[in-house]
Amino acid sequence: MFEKSIASHEGILLKMEQLSRLNASIHMLFMNFDIAVIWLDENLVVSDTTLAKRWRLYYAPSKPSLSVIETHPDRLDDFRIGDQLELFYE
């Protein structure tokens with residue numbers, strides 16, 4: 001929130017404590033730009049995606065999710081429901 005923009009290579013991964021639709025929901029209040037939102041289940045499988053518009057009150061996944069990726073809108077087409085992701089740490 002309160003940032004002016006996001007670069008196409010930037011994003012954030014948020015992990016919840018348990019699978020949930022409510023806890024994995026987001027709001028876009030105080031956001032100055034749209035973002036791509038990708039929800040993941042406990043196996044890092046994409047459970048839902050959306051283009052979240054600035055200043056909208058509520059977005060929730062269609063299925064319970066454990067993690068949320070928020071990134072640049074241009075990245076939305078990189079993810080499809082059912083895709084299996086792998087995370088690499090450096």
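The values are calculated or read from the model by the stated rules, or taken from the named source; none is laboratory data. Because the structure is predicted, anything quoted here is derived from the model rather than measured. Note: ideal-geometry Cβ built from the backbone for every residue, glycine included; neighbour counts use all protein chains shown.
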Spot the failing condition for T49; the list is (1) out of contact with any helix residue (DSSP H, G or I) (no Cβ under 8 Å at 6 or more places or on another chain); (2) closer than 18 Å to L19 by Cα; (3) not basic (K, R), and only one is missed.
(1)
Could you check the stretch 16-25 and list, in sequence order, the residues that are in a loop (DSSP other than H, G, I, E, B) and surrounded by 14 or more Cβ atoms within 10 Å (Cβ to Cβ)?
R21, N23, A24, S25
Report, by residue number, each residue of the stretch 26-58 that is over 19 Å from E86 (Cα atoms) and in a strand (DSSP E or B).
I26, I35, T50, L51, A52
Please specify each residue of the stretch 26-43 satisfying the condition of being surrounded by 15 or more Cβ atoms within 10 Å (Cβ to Cβ) and either at pLDDT 95 or above or in contact with a helix residue (DSSP H, G or I) (Cβ under 8 Å, 6 or more places away or on another chain) (or both).
I26, M28, D34, I35, A36, V37, I38, W39, L40, D41
Checking the structure you have, find out if any residue of the stretch 60-83 is exposed (fewer than 15 other Cβ atoms within 10 Å of the Cβ), in a strand (DSSP E or B) and free of Cβ contacts under 8 Å to residues at least 24 places away in the same chain.
no
Does the stretch 44-63 hold any residues that are among the hydroxyl-bearing types (S, T, Y), closer than 17 Å to D34 by Cβ and under 12 Å from the mean Cα position of the chain (by Cα), and which are they?
T49, T50, Y59
Within the stretch 21-43, how many residues turn out to be more than 14 Å from the chain's Cα centre (by Cα) and of a type in the set (S, T, N, Q)?
2
From the set of residues in the stretch 1-15 that are outside any loop (DSSP other than H, G, I, E, B) and not aliphatic (A, V, I, L, M), which is surrounded by the most Cβ atoms within 10 Å (Cβ to Cβ)?
G11
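So, in the stretch 52-73, how many residues would count as being under 18 Å from L19 (Cβ atoms) and either of a type in the set (D, E, K, R) or touching a Pro at 6+ places or on another chain (Cβ under 6 Å) (or both)?
Kept after step one, since they are under 18 Å from L19 (Cβ atoms), are these residues of the stretch 52-73: 59-69.
Subset that is either of a type in the set (D, E, K, R) or touching a Pro at 6+ places or on another chain (Cβ under 6 Å) (or both): 63.
Qualifying residue count, the stretch 52-73: 1.
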